[in-house]
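Visitor: This is the structure, below, for whatever I ask next.
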Amino acid sequence: MDWGDGTYELTAAALAPVSELVVEVAGVTAGQRILDVACGTGNAALAAAARGARVTGLDAAPRLVSVAAERAQAAGVHADWVVGDAMALPFEDDAFDAAVSVFGVIFAPDAARAAAELERVVRPGGVIIVTSWVGRGPLAEVLRATRRAIQAARDDQPPEADPIDWGEADTVAGLFGSSSLTAQEHGLEFRAASPAAWVQEQLEHHPAWRSTAARLPTDRMSALTDEITTILTAASTDPGEMRVTSPYLVLRAERGENPEATPAG
């Protein structure tokens, strides 16, 4: 999937409060070397740079990296921007004091490899912060409905393998075998004029939703849209518009002295 497709900037704006929290949890201070993996439009990288950190942002989508660079220039902060793969980070061992990823690295096809790379590039005693949606709440229901629709469209083909669940702290602790892990749950509110309006905005602008629409026949995509709208309507706390809160985890790993992670090759 091309995360540069559509207008991810709209979603990034909604996620900005999470990036501010992540930088706070990471304890970012001036002069530290900070890596933002799957940085998107640069929310966390810019928040860290505003604190005086020496920041590098990496994303696989060239367009998003360009947007992040433009935002940094407009904000008057400096950061280095790299187009690259979260599963093969182009940095030396122990290069950073902290690495963060806000709803980014959780989409890497190989979770173990991505986690190993995060451990590899962070110095011993440094921290890794990853955010992930948990397996309950409206967004989790939407994701499950989407996976069911995609599998149904595959007819008799074998089911696609379920991705590693970054929303389970015990599972993530296994990925970061050499690092001590703690998890805190928070909630993020999404607002729109109505559930139907929010769904339509995602279909027009969000790269993952656009990818799903391209994979499904028109009738099945229409049925999925109706199902998602129903889920969000039931979850909304405001009958006059859409106000939906989804829980997420802030996972904080402190890198041990002798990580099992090895460089990608």
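The values are calculated or read from the model by the stated rules, or taken from the named source; none is laboratory data. Here the structure is a predicted model, which is why all the values come from computation and not from measurement. Glycine gets a Cβ as well: all are built from the backbone with ideal geometry, and neighbour counts include every protein chain shown. Note: accessible area is taken over every heavy atom of the protein model, side chains too, but ligands, DNA and RNA are not part of it. Shrake-Rupley method; radii C 1.70, N 1.55, O 1.52, S 1.80 Å.
Visitor: Given the conditions (1) surrounded by fewer than 17 Cβ atoms within 10 Å (Cβ to Cβ); (2) polar (S, T, N, Q); (3) part of a strand (DSSP E or B), and given that Ser132 satisfies all but one, which numbered condition is not satisfied?
Guide: (1) is the only condition that Ser132 fails.
Visitor: Moving to a separate point now. Quick one: how many residues across the range 27-75 are assigned to a helix (DSSP H, G or I), under 16 Å from Phe103 (Cα atoms) and not aliphatic (A, V, I, L, M)?
Guide: 1
Visitor: Being of a type in the set (Asp, Glu) and open to solvent by 30 Å² or more (accessible area, probe 1.4 Å) is the filter here, so list the residues in the range 12-54 that pass it.
Guide: Glu20, Glu24
Visitor: Something else now. Does any residue of the range 96-110 turn out to be of a type outside the set (Asp, Glu), modelled with pLDDT of 95 or more, part of a helix (DSSP H, G or I) and open to solvent by 40 Å² or more (accessible area, probe 1.4 Å)?
Guide: Among the residues of the range 96-110, not one is of a type outside the set (Asp, Glu), modelled with pLDDT of 95 or more, part of a helix (DSSP H, G or I) and open to solvent by 40 Å² or more (accessible area, probe 1.4 Å), which makes the answer no.
Visitor: Looking only at the range 89-102, decide whether some residue is among the polar types (S, T, N, Q) and free of Cβ contacts under 8 Å to residues at least 40 places away in the same chain.
Guide: no
Visitor: Continuing with the same structure: Among the residues of the range 1-27, write down those that are in contact with a strand residue (DSSP E or B) (Cβ under 6 Å, 6 or more places away or on another chain) and β-branched (Val, Ile, Thr).
Guide: Val18, Val22, Val25
Visitor: Which one of the conditions (1) more than 29 Å from Ala48 (Cα to Cα); (2) assigned to a strand (DSSP E or B); (3) of a type outside the set (Asp, Glu) does Ala197 fail to meet, given that it meets all the rest?
Guide: Going through the list (1) more than 29 Å from Ala48 (Cα to Cα); (2) assigned to a strand (DSSP E or B); (3) of a type outside the set (Asp, Glu), Ala197 breaks only (2).
Visitor: Which number in (1) closer than 18 Å to His206 by Cβ; (2) of a type outside the set (Val, Ile, Thr); (3) surrounded by 23 or more Cβ atoms within 10 Å (Cβ to Cβ) marks the one condition that Glu117 misses?
Guide: Going through (1) closer than 18 Å to His206 by Cβ; (2) of a type outside the set (Val, Ile, Thr); (3) surrounded by 23 or more Cβ atoms within 10 Å (Cβ to Cβ) one by one, Glu117 breaks only (1).
Visitor: Suppose we filter Thr237, Thr182, Thr245, Thr230 for residues that are in contact with a Pro (Cβ under 9 Å, 6 or more places away or on another chain), outside any helix (DSSP H, G or I) and open to solvent by 60 Å² or more (accessible area, probe 1.4 Å); which single one remains?
Guide: Residue meeting the stated conditions: Thr245.
Visitor: Looking at the range 55-75, which of its residues are open to solvent by 70 Å² or more (accessible area, probe 1.4 Å) and more than 21 Å from Leu21 (Cβ to Cβ)?
Guide: Ala60, Pro62, Arg63, Glu70, Gln73, Ala74
Visitor: So which of Thr262, Thr171 is assigned to a loop (DSSP other than H, G, I, E, B) and at pLDDT below 95?
Guide: Criteria check complete, one pass: Thr262.
Rundown of residues vs (1) farther than 20 Å from Val18 by Cβ; (2) open to solvent by 50 Å² or more (accessible area, probe 1.4 Å), yes/no style:
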position: Pro138; (1), (2): no, no
position: Arg144; (1), (2): yes, yes
position: Ala197; (1), (2): yes, no
position: Leu203; (1), (2): yes, no
position: Ser211; (1), (2): yes, no
position: Pro217; (1), (2): yes, yes
position: Arg220; (1), (2): yes, yes
position: Asp226; (1), (2): yes, yes
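One line per residue, one yes/no per condition, for (1) more than 26 Å from Ser246 (Cα to Cα); (2) at pLDDT 95 or above; (3) open to solvent by 10 Å² or more (accessible area, probe 1.4 Å); (4) not in a helix (DSSP H, G or I):
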position: Arg113; (1), (2), (3), (4): yes, yes, yes, no
position: Gly126; (1), (2), (3), (4): yes, yes, no, yes
position: Pro158; (1), (2), (3), (4): yes, no, yes, yes
position: Trp166; (1), (2), (3), (4): no, no, no, yes
